[in-house]
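Here the structure comes first, spelled out in structure tokens, and everything after it is commentary.
The values are calculated or read from the model by the stated rules, or taken from the named source; none is laboratory data. Computed from a prediction, not measured in an experiment: that's the story for all the values here. As a convention, Cβ positions derive from the backbone with ideal geometry for all residues, glycine included, and neighbour counts pool all protein chains shown.
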Amino acid sequence: MYYDWKPYVPVAERRRKAAREMQKLRKKGHPVSPVVIEGRAIAKSFWGKSWCENLERYGDYANRLPRGRTYVRNGSVVDLQIAPGAVEAVVSGSALYRVAVKVAEIQPARWKAICGDCSGAIDSLVELLQGRLSTGVMERLCRQKEGLFPTPSQIEFSCSCPDFASMCKHVAATLYGVGARLDERPELLFALRKVDQQELLASAGRRLPASKARPAPKKLLASEGLEELFGLELEADAKPKPRRRRG
Ligand SMILES: [Zn+2]
């Protein structure tokens with residue numbers, strides 16, 4: 001118990017210090033986005049869990065990742081930003097450390113193969129982002145070295161801490177933090193890997209049939225009058241005025 005108990009106070013103190021630093025950054029206009037984990041699971045969604053599982057299946061990482069779990073759970077990742085090809089984080093340790101992770105974009109041939117294999121199997125962006133996918137599609141997207149998730153050779157990282165040798169706990173915490181972030185914003189995975197998630201959808205590259213592309217004219221004419229629908233809208237756009245309620 002002693003071992004568990006002892007670091008507790010410093011962590012709380014560090015957190016307060018980190019919170020103050022983050023507040024300063026916010027005031028300077030930097031959009032600070034901490035990783036907040038509720039409960040024990042770092043990630044709960046298909047995307048978040050798959051990100052974490054992908055990292056854990058590589059021998060290169062297996063020994064070093066566990067140190068990041070406690071860190072990410074106790075709120076040490078005080079800022080995490082995901083951009084195309086890059087993740088930047090501020091992690092609170094004995095000081096605040098800056099972590100930078102570069103993730104290679106998916107090679108065009110690999111992306112084409114993924115889209116081809118999933119072709120017609122994902123109906124909407126909502127289904128895709130919510131991870132409501134068939135087992136086959138999930139398996140394809142997660143396939144080692146051929147799916148959406150990066151291999152260690154496609155990930156480069158650095159940290160400003162003094163004991164940065166291979167993968168420090170700040171980097172490990174950041175990598176887990178990405179998994180947690182994908183729970184809330186799965187679209188960031190596609191941004192990170194520089195691909196367009198729309199290309200995975202069944203409708204990709206196919207035009208909508210005319211009947212679905214615009215509202216049926218009959219219905220509009222039958223309704224109470226086009227000015228009500230269009231005239232007022234256009235006028236309201238030109239110069240805003242309160243709309244009358246009909247009643
Ligand atoms: Zn570090």
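Numbers at a glance
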read-out: Selection within segment 23-45 - part of a loop (DSSP other than H, G, I, E, B), surrounded by 11 or more Cβ atoms within 10 Å (Cβ to Cβ) and at pLDDT below 90; value: His30
read-out: Leu188 being hydrophobic (A, V, I, L, M, F, W, C), in a helix (DSSP H, G or I) and at pLDDT 95 or above; value: yes
read-out: Subset tally (residues that are in a helix (DSSP H, G or I), surrounded by 14 or more Cβ atoms within 10 Å (Cβ to Cβ) and out of contact with any Gly (no Cβ under 7 Å at 6 or more places or on another chain)) for segment 62-77; value: 6
read-out: Filtered residue count, segment 120-147, keeping only those that are loosely packed, with under 14 Cβ neighbours inside 10 Å, over 17 Å from Arg193 (Cα atoms) and of a type outside the set (D, E, K, R); value: 7
read-out: Checking Tyr58 against (1) at pLDDT below 90; (2) over 22 Å from Leu129 (Cβ atoms), the condition it does not meet; value: (1)
read-out: Cross-chain or 6+ apart pairs with Cβ under 8 Å, segment 46-61 first and part of a helix (DSSP H, G or I), then of a type in the set (Ser, Thr, Tyr); value: Cys52/Tyr176; Leu55/Tyr61; Leu55/Tyr176
read-out: Selected residue (criterion: farthest from Glu127 (Cα to Cα)) from residues of segment 195-214 that are at pLDDT below 50 and assigned to a loop (DSSP other than H, G, I, E, B); value: Arg214
read-out: Residues of segment 131-188 satisfying the condition of being free of Cβ contacts under 8 Å to residues at least 60 places away in the same chain, over 19 Å from Ser45 (Cα atoms) and away from the ligand (no atom under 16 Å from the Cβ); value: Lys145, Glu146, Ser153, Gln154
read-out: Test result for Gly39, on the phi > 0 side of the Ramachandran plot and in contact with a Lys or Arg (Cβ under 8 Å, 6 or more places away or on another chain); value: no
read-out: Residue within segment 105-117 that is within 16 Å of the ligand (Cβ to nearest atom), of a type outside the set (D, E, K, R), under 30 Å from Ser158 (Cβ atoms) and outside any helix (DSSP H, G or I) present; value: no
read-out: Subset of segment 78-104 [more than 12 Å from the ligand (Cβ to nearest atom) and in a strand (DSSP E or B)]; value: Val78, Asp79, Leu80, Gln81, Ile82, Ala83, Ala86, Val87, Glu88, Lys102, Val103
